[in-house]
Amino acid sequence: MLMRAIGLVFVAAVLATQVPGAFEAWQKPVSGGGGGTPTSTPVAVVPIGTTILEADATGHYRGTFKLNGKATEAMVDTGASLVAINETTARRIGVSIASLDFKYPISTANGETRAAHIRLQRVEIGSVRVEDVDAFVLRDKALSGTLIGVSFLKRLGSYSAEGNRLRLER
């Protein structure tokens, strides 16, 4: 009898601490339109294997990609033949800089430079995932961000710009 009472008190205590939080989460509006600042950007419902990127104020498609499992802010660049990352990003995603051979001459928007070829284990955004993607590593002074180029895009089933959105489909 005592064990049953202790068990009942335990269940009541757990419910008392968990139910109010669950109820509050259930009551929150999805759109955030009831005054106050929305906590997230509305996202279109898309099938698995499809991701949609919204263009930013400059008309570029940017997002948080995962390179070898590490989150990296990047911009989609259809003018880039390969995915392009700088040395800092390469180190962060597990590439040994000491073993790189910067022997490939390339032209960038900032002029001529040299790059090292690598193969990324995987590139992901949302539910879109591509493995074994060719990439170039550039010196930090030659590239400040990460560019998602055609070596990723051509491995998709399709990609298309529709108005203000870029649709990526595996």
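The residues of segment 124-143 that are under 15 Å from THR108 (Cβ atoms), at pLDDT 95 or above and out of contact with any strand residue (DSSP E or B) (no Cβ under 6 Å at 6 or more places or on another chain) amount to a single one, ARG139. When you scan segment 78-99, how many residues do you find that are closer than 15 Å to ILE125 by Cα and either assigned to a loop (DSSP other than H, G, I, E, B) or not β-branched (Val, Ile, Thr) (or both)? Within segment 78-99, residues that are closer than 15 Å to ILE125 by Cα and either assigned to a loop (DSSP other than H, G, I, E, B) or not β-branched (Val, Ile, Thr) (or both) number 0. Listed conditions (1) more than 19 Å from the chain's Cα centre (by Cα); (2) farther than 19 Å from LYS66 by Cα; (3) loosely packed, with under 13 Cβ neighbours inside 10 Å are all met by THR108, apart from (3). Would you pick out the residues in segment 140-156 that are surrounded by 14 or more Cβ atoms within 10 Å (Cβ to Cβ) and either outside the structural domain of VAL76 (by TED's automatic domain parsing) or not hydrophobic (A, V, I, L, M, F, W, C) (or both)? Of everything in segment 140-156, those that are surrounded by 14 or more Cβ atoms within 10 Å (Cβ to Cβ) and either outside the structural domain of VAL76 (by TED's automatic domain parsing) or not hydrophobic (A, V, I, L, M, F, W, C) (or both) turn out to be GLY145, THR146, GLY149, SER151, ARG155. In segment 30-37, the count of residues that are in a loop (DSSP other than H, G, I, E, B), within 17 Å of the chain's Cα centre (by Cα) and modelled with pLDDT under 95 is zero. Scanning segment 140-170 for residues being within 21 Å of LYS70 (Cα to Cα) and in a loop (DSSP other than H, G, I, E, B) gives a total of 9.
The values are calculated or read from the model by the stated rules, or taken from the named source; none is laboratory data. Note that this is a predicted model, so its numbers are computed, not measured. Here Cβ is always computed from backbone atoms with ideal geometry, including for glycine, and neighbour counts include all displayed protein chains.
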